[in-house]
Each structure stands twice: as structure tokens, then as C-alpha cells.
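J.: This is the structure, below, for whatever I ask next.
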Amino acid sequence: MAVNEKRPVILRTILALLVIGIFAWSTYPLQERDFYETFKSVLKDSDSAQGAELIEDAKKLQQQDPELFDAKALVMAADNKGVMISEIAKLPDEASNNADAASSLRKLTSASIRRGIDLAGGVEFTLRLEQDADAEISDDEFDRYRDVAIEILRKRLENNKIFESEIAPAGSKLISLKVPITSKSEKMQLQQLLSMSAKLHFRLVHENNASLIAQVSEAYNGELPLKLDDKHKSICPRGYEYMTITEFQKGKKASVQAYFVKIRPEMDGKNIKEARPVRDEYNRRKIVFTFKEKGAADFARVTEENIGRQLAVVLDGKLYTAPTIQTAIKAGSGEITGQFSDDEVQNIANALQSGNFPFMIKVESVYDVDPTLGKDNVASGIRAGIYGMIAVVIFMIVYYLLAGVTAVIALCVNVVLVLGALAAFDATLTLPGIAGIVLTIGMAVDANVLIFERIREELKGGKTLATAIDAGYSKALSAVLDANLTTLFTGLILYWAGSGAIKGFAVTLCIGILTSLFTALFLNRLVFDYLLRLGLKRLPMMQMLKNPNINFLGKRKIFFAVSGVLILLSFVLMFVKGSNMFAVDLSGGTVAVYGYDKNVSQQQLADTLNQNGFTGARIAYKNSGSNAGDKKLEIMVRETEADKNGYTPGQQIQKLLNEKYPDLKLTDSQENSVGGLVGAEFTKSAIIAVIVSIIGMIIYISLRYELAYACAGMIALAHDVIVALGIFLLLGQQISLAVIAAVLTIIGYSINDTIVIFDRIREDLRSKTGLSYAQIINKSINTTLNRTLLTSITTALAVLMLLIFGGAAIRDFVLLMFIGVIVGTYSSVFIASPIVALWHRKVNGVRESDVNFDESKVVED
């Protein structure tokens, strides 16, 4: 009996079923429940004629406007009839108006995976920054501080696991913040978090505090007031203020502790490194924090100089505790105690850790926003993804036959695991996240292709099927691990150093890589072991190229020249386009906000604007939760000059759209100049993330191979990004946030493709066949050529379906990915490998090639 047939399967089967079961359960419910059916289920009277009429009216409104979402249609129907939804339905959240009721219903219908603003809409907060009275900030510095404030807000959201927010300057003193949340309770909690300025001050209590408080108690007949009245303010020493802590105990009267606290702080909390909520031995909530080096030194100085004094801990003007300093605290840590709720203690810890700034934040307005991709685009994107999966499934089964069926099983399980992990970790799925999933699907297929091609080689060498499967998995292991781990490290670094959409992409990518390794190396192997136990003896497969023997290195000068020209032309094109190559979400521009009467498809509006010179507009419908009739249409376009008649961009757009769509009836135009969604701080963190990830890849590849391989891989990677962007711009497209996500995908795909060829070169070098270094590289490229083409074809198929059927909203993103797959495949074969041939460490027993690589016989059998 072959060794494979003796491999234990019971324990592995239990483990596989357990993992699949847990992640599959996490995905429930994967699909959103039907909105109207959910509404029916919460009606106080299940046979309510009023509820049925509202649904009927809402559906009629949707027939008139196909872009109208269910929730908005129901709100409009209820408002038209003067019905309060909360009075006829049992809702989990308190709803003071129909917009709140619709948000509550949307929460009930939501799927297990939170979707981003682009896919499901959310809420927009307009925030006003009000400078502190004691902060000396010039107008010139304000923009820089506002950019810092934006990144602090972004960090606070990330600490609450909200990675996919959109934050941008809006006018001179405002910030627009959009987040993918819908329920009223989530909005209120987030509003509290956003309003925290997180100013932590350590202030000394007066040395004679006890006697001063005794005077206050005597003046108020034994009681301690929460605030001193004018009559008794004279008790307070100059430079101090009266502050209190109120403690509540169940069944007892609230007790008040009072202190005279120095107004000028000894130090602040700007240098806090970490803050987290914990519970003490009495199960009371508190916040433990640690300082960075400078903060620790300041804290040690303050405590050493004031032993025996009380040190008040004041956060956002509220006194929380005032412990006595017993000894100098040089450990660089401290704690804040008090009576906190769960939400409050978590919010304070998050705010402290993310930082503070010299502003008070005031929430000016709150609007519910529709998905930025539009209803039709969301549906077409989902359909296109399904078509892509079907195309890959058909190709794998037709080409690999039974082995392809096992790969399809692994692929389907991989998708379940990815979705389950996204749900379990409360990740937000957005367009960049879908990019990560597409990449991991390609990598999952690639792992199986690598294994199958190895099995084919072993079968060709005369081994039995069982032995060939063993050898195939064993020999493919290093290539699969190196390719996936290199990309995994990149994802981890992007998560650590990046923010916003980059962090969201990294989460999806890392999850996908781990699930791909599990399905390819563990699950698929288990399936093969069962097939062998059932008597499988043959494993027929199709073969695209039989014994290819191409002198790739011999044509290296031609390909170097072609790539050099493409890179040069790409840079020239970028220089010529200048800032015009950036879409409005990166460049900023003019945002015009209008009142409107009837919805018109976002895609129709975008097409009309594109045809009239307003390319790449961002369009969003939104409505106020506090005023159901306050409907707004927001259009953001690049900054343009007033036309010859003196019309501003907003006025031009209003005139154009009202003439084209009379039922839209745009009114009340309000215009603001706004910054891009990517500020200086975000750009800095993104650049740091990419640089650190490149350094990480260089170190890993150098350790696994050698420095020359790492440098060749990075050169090929840079080549792919530059050339792909150049071709993309040449086609008249613009670089947007979605395009940046596609660039990150290209980076992951390109390095994966290159590593597989490097792994085969390393293996062939060890075999000491007598071939020259150049011949070995040519042999390795030819040996892996089927795998290279197959992986490119399957990935390109999935992307091509998205390109054809995915709709206009994601076309730029998908187009660049499609270009990147082709360019990445090209560079792995024609750029990275020839660079290694030119520059590498000498290997004993392997002769060096002629400098022209012109051996007549390239590959020797």
C-alpha cells in the first residue's frame, strides 16, 4: 500500500470540518434580509393595513426611480402619509423621526459583514474646529493642525475597528467625516468619541486643600457644592479653581469630594504611548496608561519634585482623581480611576492613545448618506464577482479535470473562510477590500497550480500517483510558502504603518493569504488522501505547453529597452499631466450641495457631468436624521474657474443638471473648497508603510535567497507599478483612492509571481546539472512557464469579468488591476530573472555564462 493511503485522515477531517463550520457560522446572515419583509416582521400589528400601504407606496416610488434604496423609499412614503414608523413598529433603537426608524431597520436587515460607505452608505458628520482660547495658532498653521486633527480622528475610528472612513477638509474651519454605520445608538456613541478633545492634564492640588475645603463646607452648612457661587468665590486662592468628583453608590446618597486645583498644569498627556481600560481587584473600571520616553521623564520629574502633594488628573476639563504622590514614579505609567460606563472608559482610552489637539470639536450636522457607488453599481459589481468565480471554476475543471474539481472545492472553502474571518473580526468590506479578496483568490488558485504542475512532473518521471502527490506537495511547499509569506509580511507591515483604506486592504489581504495556505496545503491534500483511499490511480490533466524551450535571456536587451522606453514615457506622461492625473478624491476641489426634488441615478448624473467637462465627480445623496424633509445632493468636482458668464462651478452644474433632468429641481446651491481625502499625515503614513514593506521584502528575500534576488524583485515591482500607471493614464484615466488599492494589489501579485520563478532557479542551481547560470535560469523559466501563464489566465479571467460586468463605478480600479496582471507576468519573466542572471553570487559547481547569454542550446534535458 502506498504511503499516501496510510496517512491518517480522521483527526484532520475533524479539524477541517471544525474550522469550516466555525467560519461558515460567522458569515450568517451573509446576505442582507429583505428590507420590506423585515419591516413587516416588526410591525406591532402583523396584519397592519397601514404598514402594507407604506410598503406599496415605497415600491411605487422605486419604480419611478430605480436608484432609490428601500430604506429611503419607505421614509419618503411614510413622510408623504404623515406616518411615524416608530408608532406602528417595534424597533430596537429609539427613533424620534422616520429617518432614525429607517436606520434602525437597516441595522436589523444588515448582513454579518459590515460594508463600507461605497457599498452600503452610512452617516456623515460635519465637524467644526474651534480653536482653544489658550492655543496660539496662526492662520498659516491652521491647515497643518487640521490635517493632524484629521489623522487623530482617523486613529480614534481605527481603535474602534472602523478602518474605512472618509475624512476630508470642508471649507476653512470644517471637516467632513463619513463612516459606514447606520443605527442611532452607533451614531450617538461615535458622536461622543468625536467630540472628545482628549486633553489630559496633571495639575497640583493646593497644599492647604483640607483647610480650604473645610471653609467651603462650613459656608454651605456642611455640604460641598458642585460649584462655588459668587458669594464664596473669595475662598478660592488665586491661580486655582474649585473642582469636584461625584461618586454614586447604589442605595446611598451621592458623595462629593472637592479640591482646589492649580489652573496651570505641571504637564500634559501629549506623550502617551498606550492607554487601555482594565478593572481593579474590586471590579471597578479604570484606565491604565504608559508614556513615551519624553512623557516618562516629565512624569518622573513632576512626581519627584512634589512628593506628599496631591496630583489631580484632569481630562477635557473634568477632574477624575487626585491621588497623593507617595514616591517618584519613574516607570513611566499611571492610571485614571473614576466612575466610568463601559462606553466611556473605552472611548477615553481610545482618545488618549490616538492623541489630542488644540481644538474643540463641535458637530455641526449629521446626515445619512447613500452608497457612493449607487445601487445599480453595487449590484453589477456583485454579479461580476460571481461571474469571475464561475469563469475560474470552469477553467480549472476543464484544464485540470479531477484535480481541478479538488481545487474548486478548496477555492469555495477559501471564500467561505475569508468571509467568515471578515465577519468574525468585524472588518469592513469595501472596494479596496474586494481587491484584496480578488488577489487572494488568484493566490489560492496559484498555490494549487504550483502543486498540480509538480505532481505532473513527478508522474512524468515514472512515479506512482501516491508517491507523485507526496513529492509534488513536498517540492511545491517552499515556493508556496515563500510567495505567500512574502505577501503576508507586506500585508502586516501595511497594517502596522498604514491607515484608513490601506489598513482595510491589509486586513483582507492577510486573512486571504492565511486561508489560502490552509485550503491549498491542508484541505486539498486531505481531499487527495480520501481519493487515494477510494482507489484513485490516475490523475489526467491538460497541458498548455509541452517542453517549452525558449531563450528568454537571449532577448533580454530587447525587453530591457522596451521596459526602459515604457518607464520613460510613463514619467513624461505623469509630468505633462501634473496634478490633473489625480481624481477629485485625492486632489480636492469644489463641493456643491443642493436641495432636490426627485432622485436621478448617480450614474446618469456622473455621465452627464463627464460629457460636459466635470470628469471624475463624486456624487452622494444624503438626508438629515433630524429633519426628514432636509434632502441633499452633494457633488464634488475638481477646482475649475468660473465660466465666461461668471458662473461658479456649482452654478454651472446646477444649470446643466436642471436643464437635463427637470424633475431633479436642484435649489439652494452651497459651495465650498475642500481638500482631498488623503491629507499630508495620511500620505506620510502611506509612504512609510510602502517603504517599510519594501525593506521587509528585501530582508526576507535576501535571507531566503540572496540580495541580488531581492533587488531584482524590487526593480520588477517598481517597473510594474510605473508602467501599469503609465498605460492607465494614457487611456485617459485618473488616479483615485480606488486606484491606489489596485496599485497595492499589483505589488502583491507581482512579487508572488516573481518568487515562484526564483524558487525554481534556486532548486535547479542545487541540482548541479553542468548547465551555466544563464541556462539554469532559462530552464527554470521554461519549467514554470505553464504555471506562470495559468495563474495569469485565471486571475485575469476573474478581473476581466469585473471589467466587463462590474459597472462604471469600479472600472478604473479593475482596469488598472487587469493591466497590472499582464505587466506583472511580463516583468517576472523578462525583467527580474535577467537581472539575476547579470548580477548574482557565484555558486560552486555552476559555471558562469558568456556575457551575451548566446549558448546555442539553452535548455539541456
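The values are calculated or read from the model by the stated rules, or taken from the named source; none is laboratory data. The model shown is predicted, which means the values in this text are computed figures rather than measured ones. Because the Cβ atoms are built from the backbone with ideal geometry, glycine has one as well, and the counts that use them run over all protein chains shown. Please note that ligands, DNA and RNA were not included when accessible areas were found on the heavy atoms of the full protein model with its side chains. Shrake-Rupley method; radii C 1.70, N 1.55, O 1.52, S 1.80 Å.
J.: Does the stretch 17-57 hold any residues that are closer than 30 Å to CYS412 by Cβ, outside any helix (DSSP H, G or I) and among the charged types (D, E, K, R), and which are they?
T.: GLU32, ARG33, ASP34
J.: Related question: When residues of the stretch 292-315 are filtered for being part of a helix (DSSP H, G or I) and without any contact (Cβ under 8 Å) to a residue 40 or more places away in the chain, how many remain?
T.: 11
J.: For the stretch 12-62, what are the residues that are open to solvent by 50 Å² or more (accessible area, probe 1.4 Å) and within 17 Å of ALA77 (Cα to Cα)?
T.: GLU37, LYS40, ALA49, GLN50, ALA52, GLU53, GLU56, LYS59, LYS60, listed by residue number.
J.: I'm trying to understand the selection: among the residues of the stretch 323-332, which are in a loop (DSSP other than H, G, I, E, B) and in contact with a Lys or Arg (Cβ under 9 Å, 6 or more places away or on another chain)?
T.: ILE325, ALA328, GLY332
J.: Would you be able to say whether some residue in the stretch 763-781 is open to solvent by less than 20 Å² (accessible area, probe 1.4 Å), in a helix (DSSP H, G or I) and closer than 30 Å to LEU573 by Cβ?
T.: no
J.: For the stretch 730-743, indicate whether the set of residues that are under 26 Å from LEU553 (Cα atoms), surrounded by fewer than 20 Cβ atoms within 10 Å (Cβ to Cβ) and at pLDDT 85 or above is non-empty.
T.: Looking for residues that are under 26 Å from LEU553 (Cα atoms), surrounded by fewer than 20 Cβ atoms within 10 Å (Cβ to Cβ) and at pLDDT 85 or above, one finds none in the stretch 730-743, hence no.
J.: Still on this structure: In the stretch 224-250, which residues are more than 54 Å from the chain's Cα centre (by Cα) and either within 30 Å of GLU304 (Cα to Cα) or open to solvent by 40 Å² or more (accessible area, probe 1.4 Å) (or both)?
T.: Hits for the stretch 224-250 are LYS231, SER234, ILE235.
J.: Shifting gears a bit: Identify, please: which residue in the stretch 768-815 is among the small types (Gly, Ala, Ser) and farther than 30 Å from ALA583 by Cα and is, among those, modelled with the lowest pLDDT?
T.: Within the stretch 768-815, the match that is modelled with the lowest pLDDT is GLY770.
J.: Tell me, which residue of the stretch 578-602 that is open to solvent by 30 Å² or more (accessible area, probe 1.4 Å) and modelled with pLDDT under 80 is nearest to GLU124 (Cα to Cα)?
T.: Across the stretch 578-602, the extreme among qualifying residues is LEU586.
J.: Since LYS503 meets every condition but one in (1) open to solvent by 50 Å² or more (accessible area, probe 1.4 Å); (2) basic (Lys, Arg); (3) part of a helix (DSSP H, G or I), which condition does it not meet?
T.: (1)
J.: Here's a check for you: in the stretch 139-150, which residue that is open to solvent by less than 50 Å² (accessible area, probe 1.4 Å) and in contact with a Phe, Trp or Tyr (Cβ under 7 Å, 6 or more places away or on another chain) is modelled with the lowest pLDDT?
T.: This residue is VAL148.
J.: Residues that are outside any helix (DSSP H, G or I) and either more than 17 Å from ARG787 (Cα to Cα) or at pLDDT 90 or above (or both): does the stretch 394-415 have at least one?
T.: The answer is yes; a qualifying residue exists.
J.: Out of (1) surrounded by 11 or more Cβ atoms within 10 Å (Cβ to Cβ); (2) modelled with pLDDT under 90, the odd one out for PHE571 is which?
T.: Unmet condition: (2).
J.: Sticking with this one: Limited to the stretch 151-165, what total is found for residues that are open to solvent by 20 Å² or more (accessible area, probe 1.4 Å), more than 14 Å from ARG114 (Cα to Cα) and out of contact with any helix residue (DSSP H, G or I) (no Cβ under 6 Å at 6 or more places or on another chain)?
T.: Adding up the residues that qualify gives 1.
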